[in-house]
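Student: Got a structure for you, written out below as structure tokens; questions coming shortly.
The values are calculated or read from the model by the stated rules, or taken from the named source; none is laboratory data. All figures in this text were calculated on a predicted structure; none of them were measured in a lab. Here Cβ is always computed from backbone atoms with ideal geometry, including for glycine, and neighbour counts include all displayed protein chains.
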Ligand SMILES: [Zn+2]
């Protein structure tokens, strides 16, 4: 399910407040030294640091 149009523009990484980028049904933080990947479940972004995947 695609994200609602315009939603990405208002979302920010809760850890560093950088912009997010949708990739493979995850929202990837674009912040340098952050890069957390947040899951999207049923079209709803889960912007919780505890739920985020750490970059390798
Ligand atoms: Zn971040």
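Student: Restricting to the range 34-48, name every residue that is loosely packed, with under 15 Cβ neighbours inside 10 Å and in contact with a strand residue (DSSP E or B) (Cβ under 9 Å, 6 or more places away or on another chain).
Tutor: Matches in the range 34-48: 46, 48.
Student: Would it be correct to say that residue 52 is modelled with pLDDT of 95 or more and either within 11 Å of the ligand (Cβ to nearest atom) or surrounded by fewer than 16 Cβ atoms within 10 Å (Cβ to Cβ) (or both)?
Tutor: yes
Student: Sort out which residues of the range 22-32 are surrounded by fewer than 15 Cβ atoms within 10 Å (Cβ to Cβ) and at pLDDT 95 or above, and write them in order of number.
Tutor: Scanning the range 22-32 gives a single hit, 30.
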